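Notes to accompany the following structure.
The values are calculated or read from the model by the stated rules, or taken from the named source; none is laboratory data. Just so it is clear, the model here is predicted, and its values are computed rather than measured. Every residue, glycine as well, gets a Cβ built from its backbone with ideal geometry; the counts of neighbours run over all protein chains shown.
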Amino acid sequence: MSSDVYDKIKNIERIFCPQSIAVLGANKVKGTVPSDILTNILKAEYKGVVYPVNPRERHISSIKTYKYVVDIEDPIDIAVIVYPSSVMHMALEQCGQKGIKGAIIISAGFKEVGGQGIEREEQIKAIAKKYGMSFIGPNCLGVINTDPAVMLDASFARKMPEEGNIAFISQSGALCTAVLDYAQAKHIGFSKFVSIGNKADISEIDLLYYLKDDPKTKVILIYLEEISDGPALMKAARTVIEETGKPVLAIKSGRTKAGASAAASHTGSLAGSDEACDAAFKQAGIIRCYDIEEMFNKAIAFTYQPLPNGKRVAIITNAGGPGVLTTDAAIKCGLELPKFLPETTEILKKSLPKTANINNPVDVIGDARADRYSVAISSVIKDENVDGVFIILTPQSMTEIESIAHEITRVASQFSKPIYTSFMGEADVAAGIDILQRNKIPHYILPESMPIAFVSTYQFKRMLEVKQEPVEPFKDIDIEAAHSILNQALSEGKKYLPEEEAVKVLEAYNFPVLKSGLATSEEEAVNLSEELGYPIVMKIMSEDIVHKFDVGGVVLDIKSKKEVAAAYKNIITNVKKFNPAAKIKGVFVRKMIPPGEEVILGVKRDNTFGAVVMFGLGGIFVEIYKDVNFRIAPLDNKSVDKLITETKASEILSGARGRIPRDMKSLKECIFRLSQLAIDCPQIKELDINPLIVLEDGKGSFVADTKIML
Amino acid sequence: MDKNEVQVRVKKVIAKVLKVSEENISDEANFIFDLGADSLQSVELVAAFEEEFQIEMAEDKALEVQTVSDAVKFISQYLN
């Protein structure tokens with residue numbers, strides 16, 4: 001860790017756990033942000049000392065008030081600043097002079113308003129840098145730390161949340177208040193709660209490093225509207241997850257507005273910014289959520305219960321319908337409903353009525369009271385075929401809702417297997433739900449939410465078990481040759497490389513490219529074909545034709561001199577018909593690749609995350625089937641495996657339905673080479689290898705066509 | 001009107017609007033940071049200057065006036 005990073009983490013620690021706070025700009029006007037901030041600090045019974053600062057007041061809330069922060073005689077750990085943006089630089093300058101190292105800048109009127117606001121933000125960043133100060137904000141709700149030793153509520157939220165193990169980082173202040181309200185109703189507690197606003201200094205990345213070592217935090221939740229440094233976020237999340245096993249769950253909003261733009265390559269068209277974000281989150285181990293409810297459904301599963309050892313779940317219900325719904329949802333999520341051991345079935349048979357279902361899902365029948373639930377839960381959870389238990393309750397006239405909730409709590413505390421619950425309904429089950437939530441038993445309104453949360457914890461556990469292995473870069477490559485071709489094309493103002501040059505770039509990276517040549521006449525085409533050997537493929541070479549197949553610019557499986565001559569004529573005629581002004585360089589002649597499965601490999605440079613590598617089912621229908629997947633370069637073994645196996649193409653390549661198993665080793669090698677090319681050559685904006693023909697196992701793969709956009 | 005007279009009258013206006021004593025108003029005092037004005041009082045100050053000096057200050061320019069010396073300079077230029 002560099003000394004700068006170390007100092008920043010120390011400053012963040014000060015911000016969350018200050019011994020003393022100055023509130024700059026506090027006032028007496030109730031219902032205003034400056035007043036509410038001070039009131040919240042006092043109401044939370046903050047364990048340190050607070051000093052209001054206001055040039056006109058002698059005291060606020062009976063506390064001596066100072067004209068300037070520099071007038072305070074005692075040392076101050078942090079400043080909470082609520083002055084208007086126009087004087088923020090003066091306030092921060094005085095904080096620096098006072099030796100304050102951490103600040104929370106609540107006020108708006110900075111980058112988010114544009115114009116002068118941008119200058120003001122740059123100004124306060126420069127002042128903070130000058131004094132080695134770190135700050136949260138500006139334009140934020142504030143910071144909360146529920147640690148009983150600190151009890152800091154330096155925010156203008158309506159109330160302080162309960163103590164818990166979830167840390168919440170949000171770019172939206174308004175969302176914070178909604179989340180606090182949502183969490184309060186469900187007794188969800190927080191360790192740290194921070195609104196980062198414009199994140200002009202302290203960002204979600206810095207906070208991830210801080211929370212990594214925070215003993216009070218077990219789960220980290222992030223709401224982001226904009227990612228300023230994608231690779232750094234990935235690195236920080238991966239560090240947290242790998243070093244501590246703390247799950248990181250994130251919502252990235254703004255998914256729809258930045259879709260994939262019109263692009264010349266298939267990869268460019270398919271790899272939008274949201275796909276890149278998805279790929280990056282998966283690769284970093286971040287669990288992506290799409291709404292607040294999903295995020296908290298998963299967060300409570302992670303924070304309240306042990307992680308499951310497997311994906312075998314038992315369902316206990318007092319109603320058939322919800323049991324079936326949950327079973328369907330579980331199977332859809334990839335979970336299994338195992339058969340119980342004979343001893344479990346024996347206990348259930350003895351203890352439950354004859355009409356009960358003693359197999360999985362267990363139906364204790366509508367008239368079940370607490371005793372039936374108790375025996376079912378206790379026996380099923382002990383079964384070594386079971387990794388977790390879902391309990392469903394519907395309120396019948398005789399259902400002992402609260403007693404059952406207490407019983408679940410009692411049993412859950414005795415076993416290290418996860419138990420999730422769904423007490424269906426609202427008014428009648430409210431007291432039971434309250435008992436469950438207070439006792440940290442995950443509860444879900446919809447029973448179908450239980451498998452979704454469970455599978456998330458199961459996949460996370462599996463991910464922790466598989467270690468990422470760094471991959472040695474290839475040494476049999478010629479970076480200079482690739483750079484020289486790409487730089488030459490850029491200097492000539494080209495937007496994409498002609499195919500023969502694109503092939504040379506791939507050759508420089510030792511991709512399996514077959515020998516080929518360019519013919520500018522029928523005669524040259526025939527001579528070249530004789531030299532290469534049949535069958536032959538011929539393709540138009542023109543910078544004005546991108547999708548060659550679509551215009552009749554490609555002829556496959558040419559077996560003789562006569563066919564070569566005819567193909568040459570046809571290709572030229574077709575292209576001229578399609579675009580009479582097209583500049584034709586000639587016809588590309590290459591030995592035809594033996595039959596195999598067609599896949600696509602691609603690269604697109606994403607503004608946030610860098611080079612996005614794509615893999616999927618190839619050929620001309622790529623954009624119709626959309627069976628593609630993405631990861632961010634550089635790739636490691638685990639990422640390449642996931643890149644392939646998360647597609648349907650993977651099953652075809654493995655020999656599904658009697659097909660020939662394909663050469664996965666050569667396919668993976670091509671993907672690794674592509675990852676390295678993407679990192680080494682930032683000149684490449686988009687790249688398609690489509691198709692890459694993957695031959696049968698042991699026989700390799702061959703590049704059949706490629707496009708490189710600059 | 002000379003600058004000194006403008007300054008005396010500006011301070012009087014500030015003292016009245018912000019309810020601070022004149023002797024506590026330095027030449028370089030910032031209305032918000034040094035004298036504790038809030039956003040509403042900043043607008044009231046502009047209105048009070050307009051009334052005192054019988055002038056009309058353009059809103060965007062007037063809000064850029066943040067200190068006593070800014071106000072004296074702005075009003076003097078306007079009067080001359």
> Quick one: which of A:A149, A:A103, A:A126 is without any contact (Cβ under 8 Å) to a residue 12 or more places away in the chain, among the aliphatic types (A, V, I, L, M) and away from every other protein chain (no Cβ under 14 Å)?
Replying inline: A:A126
>> Given the condition within 18 Å of A:V455 (Cα to Cα) and in contact with a strand residue (DSSP E or B) (Cβ under 8 Å, 6 or more places away or on another chain), answer yes or no: does some residue in the stretch A:401-415 qualify?
In response: no
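A:Q437: over 22 Å from A:V324 (Cα atoms) and surrounded by 17 or more Cβ atoms within 10 Å (Cβ to Cβ), yes or no? Write out each step before concluding.
Numbers: over 22 Å from A:V324 (Cα atoms): yes; surrounded by 17 or more Cβ atoms within 10 Å (Cβ to Cβ): yes.
Yes.
May I ask you to list the residues in the stretch A:200-227 that are farther than 25 Å from A:K440 by Cα, modelled with pLDDT of 95 or more and among the charged types (D, E, K, R)? Don't jump to the end; show me each part of the working.
Initial filter on the stretch A:200-227 (farther than 25 Å from A:K440 by Cα): A:200-207, A:209-210, A:224-227.
With the extra rule that they be modelled with pLDDT of 95 or more, the set shrinks to A:200-207, A:209-210.
Scanning the stretch A:200-227 gives A:D201, A:E204, A:D206.
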> Could you list, in sequence order, the residues of the stretch A:547-571 that are under 21 Å from A:K707 (Cβ atoms) and surrounded by 15 or more Cβ atoms within 10 Å (Cβ to Cβ)?
Replying inline: A:K548, A:V551, A:G552, A:G553, A:V554, A:V555, A:I571
> Is at least one residue of the stretch A:269-290 closer than 29 Å to A:E686 by Cβ, among the hydrophobic types (A, V, I, L, M, F, W, C) and free of Cβ contacts under 8 Å to residues at least 12 places away in the same chain?
Replying inline: no
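Please verify whether A:A157 is away from every other protein chain (no Cβ under 14 Å), more than 30 Å from A:A178 (Cα to Cα) and touching a residue at least 12 places away in the same chain (Cβ under 8 Å), treating the condition exactly as stated. Spell out how you get there, then give the answer.
Working: away from every other protein chain (no Cβ under 14 Å): yes; more than 30 Å from A:A178 (Cα to Cα): no; touching a residue at least 12 places away in the same chain (Cβ under 8 Å): yes.
Here the answer is no, as A:A157 does not meet what is asked.
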> Checking B:E28 against (1) buried (at least 18 other Cβ atoms within 10 Å of the Cβ); (2) at pLDDT 90 or above, which single condition isn't satisfied?
Replying inline: (1)
>> Please count how many residues of the stretch B:11-38 are farther than 17 Å from B:E52 by Cα, away from chain A (no Cβ under 12 Å) and not in a loop (DSSP other than H, G, I, E, B).
In response: 1
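Counting just the residues of the stretch B:1-10 that are within 12 Å of the chain's Cα centre (by Cα) and aliphatic (A, V, I, L, M), which one comes out nearest to the other protein chains (Cβ to nearest Cβ)?
From the stretch B:1-10, those within 12 Å of the chain's Cα centre (by Cα) are B:6-10; that's our starting set.
If we keep only those that are aliphatic (A, V, I, L, M) as well, we get B:6, B:8, B:10.
Working: B:V6: 23, B:V8: 22, B:V10: 18 Å.
So the residue we want is B:V10.
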> Take the residues of the stretch A:481-508 that are free of Cβ contacts under 8 Å to residues at least 40 places away in the same chain and under 35 Å from the mean Cα position of the chain (by Cα): which is surrounded by the fewest Cβ atoms within 10 Å (Cβ to Cβ)?
Replying inline: A:E507
> What number goes with the only condition from (1) touching a strand residue (DSSP E or B) at 6+ places or on another chain (Cβ under 6 Å); (2) loosely packed, with under 15 Cβ neighbours inside 10 Å; (3) under 29 Å from A:Q683 (Cα atoms); (4) of a type outside the set (A, V, I, L, M, F, W, C) that A:T520 does not pass?
Replying inline: (3)
> Does the stretch A:228-268 hold any residues that are among the β-branched types (V, I, T) and at pLDDT 90 or above, and which are they?
Replying inline: A:T239, A:V240, A:I241, A:T244, A:V248, A:I251
> For the stretch A:1-21, what are the residues that are within 26 Å of the chain's Cα centre (by Cα), in a helix (DSSP H, G or I) and among the aliphatic types (A, V, I, L, M)?
Replying inline: A:V5, A:I9, A:I12
>> Give me the residue from the stretch A:29-39 that is away from chain B (no Cβ under 11 Å) and in a loop (DSSP other than H, G, I, E, B) and, out of that set, farthest from A:K159 (Cα to Cα).
In response: A:K30
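Output the residue which, of all residues in the stretch A:40-96 that are within 14 Å of another protein chain (Cβ to nearest Cβ) and among the charged types (D, E, K, R), is surrounded by the fewest Cβ atoms within 10 Å (Cβ to Cβ). Show your work before the answer.
As a first pass, look at the stretch A:40-96 and keep what is within 14 Å of another protein chain (Cβ to nearest Cβ): A:52-60, A:65-71, A:79, A:81-95.
Going one step further and asking which of them are among the charged types (D, E, K, R), we end up with A:56-58, A:67, A:71, A:93.
Values: A:R56: 18, A:E57: 17, A:R58: 9, A:K67: 18, A:D71: 12, A:E93: 16.
This residue is A:R58.
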> Is one or more of the residues making up the stretch A:668-685 buried (at least 21 other Cβ atoms within 10 Å of the Cβ) and of a type in the set (G, A, S)?
Replying inline: yes
>> Against the conditions (1) surrounded by fewer than 16 Cβ atoms within 10 Å (Cβ to Cβ); (2) closer than 30 Å to A:D688 by Cα, where does A:P342 fall short? Just the number, please.
In response: (2)
> What strands (runs of 3 or more DSSP E) lie completely within the stretch A:497-589 and have 1 or more residues being among the small types (G, A, S)?
Replying inline: A:516-519, A:536-542
> Name the strands (runs of 3 or more DSSP E) wholly within the stretch A:195-294 that hold at least 2 residues that are closer than 30 Å to A:L692 by Cα?
Replying inline: none
> In the stretch B:51-79, how many residues are away from chain A (no Cβ under 14 Å) and free of Cβ contacts under 8 Å to residues at least 60 places away in the same chain?
Replying inline: 14
> Restricting attention to the stretch A:182-194, which residues are more than 28 Å from A:F110 (Cα to Cα) and outside any loop (DSSP other than H, G, I, E, B)?
Replying inline: A:Y182, A:A183, A:Q184, A:A185, A:F190, A:S191
> Which of the following residues is out of contact with any Leu (no Cβ under 7 Å at 6 or more places or on another chain), basic (K, R) and over 18 Å from A:I196 (Cβ atoms): A:K125, A:K67?
Replying inline: A:K67
> In this structure, does A:A427 turn out to be over 20 Å from A:Q305 (Cβ atoms) and among the small types (G, A, S)?
Replying inline: yes
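Select from the stretch A:645-666 the residues that are farther than 21 Å from A:E623 by Cα, of a type in the set (A, V, I, L, M) and within 29 Å of the chain's Cα centre (by Cα) and list them in ascending order. Before the answer, list the steps.
First pass over the stretch A:645-666, keeping only residues farther than 21 Å from A:E623 by Cα: A:654-666.
Next, only the ones that are of a type in the set (A, V, I, L, M) stay: A:656, A:660, A:664.
Answer for the stretch A:645-666, where residues must be farther than 21 Å from A:E623 by Cα, of a type in the set (A, V, I, L, M) and within 29 Å of the chain's Cα centre (by Cα): just A:M664.
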